[in-house]
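One structure is given here, and the rest of the page talks about it.
The values are calculated or read from the model by the stated rules, or taken from the named source; none is laboratory data. Just so it is clear, the model here is predicted, and its values are computed rather than measured. Note: ideal-geometry Cβ built from the backbone for every residue, glycine included; neighbour counts use all protein chains shown. When the accessible area is computed, the model is the full protein with side chains, heavy atoms only, and any ligands, DNA or RNA have been set aside. Shrake-Rupley method; radii C 1.70, N 1.55, O 1.52, S 1.80 Å.
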Amino acid sequence: QVQLVESGGGLVQPGGSLRLSCAVSGRDFSMYAVGWYRQAPGKQRELVAFLTAGGITTYVDAVKGRFTISRDNAKNTVYLQMNGLKPEDTAVYYCRASRESYISWGQGTQVTVSS
């Protein structure tokens, strides 16, 4: 099992950047697929970016070219670099780790894009 703790959220102006981090505790982190999801008020949680254990990435169309997911297996950390932020990116961002049928979520970090 793994536990996840997100950090790095905050208030940023449109066009700005943030880097979210997700610290993962537990064994065999490199064997897990990891992802960032977000949930805006009144909306369902949606996938933002996904990174397999083998290094394959997937992005939702709305963030392609602006967001980058990465991982540092030596530090047991997942990152989401967010550039060119827009007001519609405002949401609580969650980190997720999965391996076979096991899934673990973090508690979320708020990202607010506003002038």
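Observations on the structure shown:
- Surface composition of the chain: carbon and sulfur make up 48 percent of the accessible area, probe 1.4 Å.
- For the range 56-115, the Kirkwood hydrodynamic radius from C-alpha pairs, put into Stokes-Einstein at 20 °C and a viscosity of 1.002 mPa s, yields a diffusion coefficient of 162 µm² per second.
- Loop-located GluC sites (Glu not before Pro) in the range 1-109, at most 13 other Cβ atoms within 10 Å (DSSP): 100
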